[in-house]
Amino acid sequence: MLEFSLVALSSIFFIVDPLAAIPSFLVMTAEQTIGLAQREVHVVPTRSIQAGLSAAVAFDPRRPVAANVRDMWAAAQGVATGEVTRAVRDSLVDGIQVHAGEYIGLVDERVVVASDDLEQVVEVVVERLLAGGRELLTALLGDDQDAARAGQVLERLREHHPTVDMELHAGGQPFYPVLLSAE
């Protein structure tokens, strides 16, 4: 089942597909609203929940629409994203051997680690996201016990990165103990 959210802020719409890249028909459908709407509409497509949230944070209702569209697009494109989930089958992905049931960590949609150890996977993903001097790490914790464990790991990592502003939020998402973004 395809799930997505169409979020409207003033006259700007952006699409969030939490599971993968946005199918082109969703973007085309959203863009068709431009011609049907009774007011000015802009579409800012995003590839993840994290990018969608970064775009939403960039929105300022006091600014002109064109400036908001530009800044929301830049925010969505500029965020580094990470996620931790479990593999459903054995496979070789992005050069990483993955076994069913293992935790897998992705950074910018690429598998970077697979392990039975949730702590290790969270640590590897966070370290990759923070490489390059990023100063803000936002975590959306999922809806299960793995999310609580991931939150504990993140709290410990906060001590190792005192110059990074870490924000942990209850995201409530299924299948992903933690979704991460770094800016």
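The values are calculated or read from the model by the stated rules, or taken from the named source; none is laboratory data. These numbers come from a predicted model, not from an experiment. Here the Cβ positions follow ideal geometry from the backbone for every residue, glycine too, while neighbour counts run over all protein chains shown.
Here are the numbers for this structure:
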| quantity | calculated |
| --- | --- |
| Matching residues, segment 149-183, being β-branched (V, I, T) and surrounded by 12 or more Cβ atoms within 10 Å (Cβ to Cβ) | V153, V164, V178 |
| Filtered residues of segment 110-167 (kept if within 17 Å of A80 (Cα to Cα) and of a type in the set (K, R)) | R110, R128, R134 |
| Residue check, S54 surrounded by 15 or more Cβ atoms within 10 Å (Cβ to Cβ), assigned by TED's automatic domain parsing to the domain that holds P174 and polar (S, T, N, Q) | no |
| Of the criteria (1) crowded, with 21+ Cβ neighbours inside 10 Å; (2) over 27 Å from A58 (Cβ atoms); (3) touching a Pro at 6+ places or on another chain (Cβ under 7 Å), which one D146 fails | (1) |
| Failed condition for L92, given (1) surrounded by fewer than 18 Cβ atoms within 10 Å (Cβ to Cβ); (2) closer than 28 Å to H161 by Cα | (2) |
| Residue within segment 82-91 that is over 17 Å from the mean Cα position of the chain (by Cα), aliphatic (A, V, I, L, M) and in the same structural domain as V164 (by TED's automatic domain parsing) present | yes |
| 1 or more residues in contact (Cβ under 8 Å) with a residue 40 or more places away in the chain and among the small types (G, A, S): qualifying strands (runs of 3 or more DSSP E) within segment 69-183 | 80-86, 136-141, 178-182 |
